[in-house]
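Novice: One structure coming up, written as C-alpha cells, with questions to follow.
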Amino acid sequence: MRNIIYTIGIFLTFSCNTNLFDNDLKKILGNPDISYSKENSISEFAGFGEGYTIEIYILPKNYLKRFDKRPYKLPPKKGWKTKGWSKTTIDSSYNEIIYMVLNYKGNARISSFIKDIKEILNKKDTYYAFYYKPDKTTPTHVNFFVLDMEKQKLYAIDVVY
C-alpha cells in the first residue's frame, strides 16, 4: 500500500510541471523555424481524468510582426474540431468553450493566470485559436491558445472535464 501511495505521489509531482504543448508548438504557430522559450507551466489534476494546464511561452518580436500581417492556419488535429486564429472579440457561438476555459476554479496560481488571460482577451490586437471536442455546445476537452502581441506571449491551455 505504501508503494502505491509513493508512486502516486511521484506521478503527481512530475505532472505539475508539464510540457504538454512543446512538441506541437511550432505547428500551432505555423512556423517550423520559430525559436521560443517557456516562461511558466502549471497543471492541476482534478481526478477522474479532469484537469487544467497552462503553459506560457515567450515569442520573438519578428515572428509576431509576420503573424500580425498574415496569421497562420491552425493545423487539423485528428478527432478534434478547430477554430483557427482570429483577432478578439471572441465569436459568441463559442461561449461554452470560453466558459470552460475562463471559469475554471483551480488553485490561486491558475486563477491568477486566468484573470490575466481574461484581461488580454479584452485588448484589441490579441489573437486566439482552439481545438475542442466533441462539439461547441457541450465541450469536454479544449486546447485554447491566446497570443498576446503586446507582451510577446503565447498562453497554451488544456482543459478536460
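Novice: Only four residue types carry charge here, +1 at the Cβ of Lys and Arg and -1 at the Cβ of Asp and Glu. Report the dipole size of the range 16-160 about the Cα centre in Debye, rounded to the nearest 20. Write out the running numbers ahead of the final one.
Specialist: Details: 24 positive and 17 negative charges, 113 e Å.
The dipole of the range 16-160 has a size of about 540 debye.
Novice: Okay, moving on. Can you list the equivalent-ellipsoid semi-axes of the chain, largest first and in whole Å, using the square root of 5 times each Cα gyration tensor eigenvalue?
Specialist: Rounded to whole Å, the semi-axes are 27, 18, 15.
Novice: I'd like to know which of 19, 97, 86 lies farthest towards the positive end of the charge dipole of the chain, counting +1 on Cβ of Lys and Arg and -1 on Cβ of Asp and Glu.
Specialist: 86
Novice: May I ask which residue of 56, 74, 132 lies farthest towards the positive end of the charge dipole of the chain, with charges of +1 (Lys, Arg) and -1 (Asp, Glu) on Cβ and the Cα centre as origin?
Specialist: Checking the options against the dipole of the chain, the answer is 74.
Novice: From the Cα gyration tensor of the range 67-161, with a ≥ b ≥ c the square roots of its eigenvalues, which class applies: rounded if a/c is under 1.5, or else prolate if a/b is larger than b/c, or else oblate?
Specialist: Since a/c reaches 1.5 but b/c is at least a/b, the shape of the range 67-161 is classed as oblate.
Novice: Based on the mean of other Cβ atoms within 10 Å per residue, sort peptides 56-69, 126-139 so the most packed one is first. Could the numbers behind the result be given before it?
Specialist: Details: 56-69: 15.0, 126-139: 18.4.
So the peptides 56-69, 126-139, ranked by packing, come out 126-139, 56-69.
Novice: Using the membrane-span-like helix rule (whole DSSP H runs, Cα extent along the own axis of at least 18 Å, mean Kyte-Doolittle hydropathy at least 1.0), which helices of the chain qualify?
Specialist: Span-like helices, by this rule, are 2-15.
Novice: Taking 0.36 nm per intervening residue step and subtracting the Cα-Cα distance, what contour gain separates residue 48 from residue 152 on full extension? Spell out each step's value before the answer.
Specialist: Numbers: separation 104, 0.36 × 104 = 37.44 nm, distance 3.48 nm.
So the chain would gain 34.0 nm between residue 48 and residue 152.
Novice: What relative contact order, as a whole-number percentage, does the range 16-160 give when Cα pairs under 8 Å and 6 or more residues apart are counted? If you can, show how the numbers build up before the last one.
Specialist: On the way: 260 pairs, mean separation 37.2, N = 145.
Reported as a whole number, the value is 26 percent.
Novice: What FRET efficiency comes out for the pair residue 99/residue 37, r = Cβ-Cβ distance, R0 = 45 Å, nearest 0.05?
Specialist: 0.90
Novice: Let me ask another. What is the extension gain from residue 68 to residue 123, computed as 0.36 nm multiplied by their sequence separation minus the C-alpha to C-alpha distance, in nm to one decimal?
Specialist: Working: separation 55, 0.36 × 55 = 19.80 nm, distance 1.45 nm.
The residue 68-residue 123 span can extend by a further 18.3 nm.
Novice: Full-extension gain between residue 107 and residue 161, please, as 0.36 nm times their residue separation minus the C-alpha to C-alpha distance.
Specialist: 17.8 nm
The numbers here are math on the coordinates, done by the rules we state, and not lab data. Just so it is clear, the model here is predicted, and its values are computed rather than measured. Neighbour counts run over all protein chains shown; Cβ positions are idealised from the backbone, glycine included.
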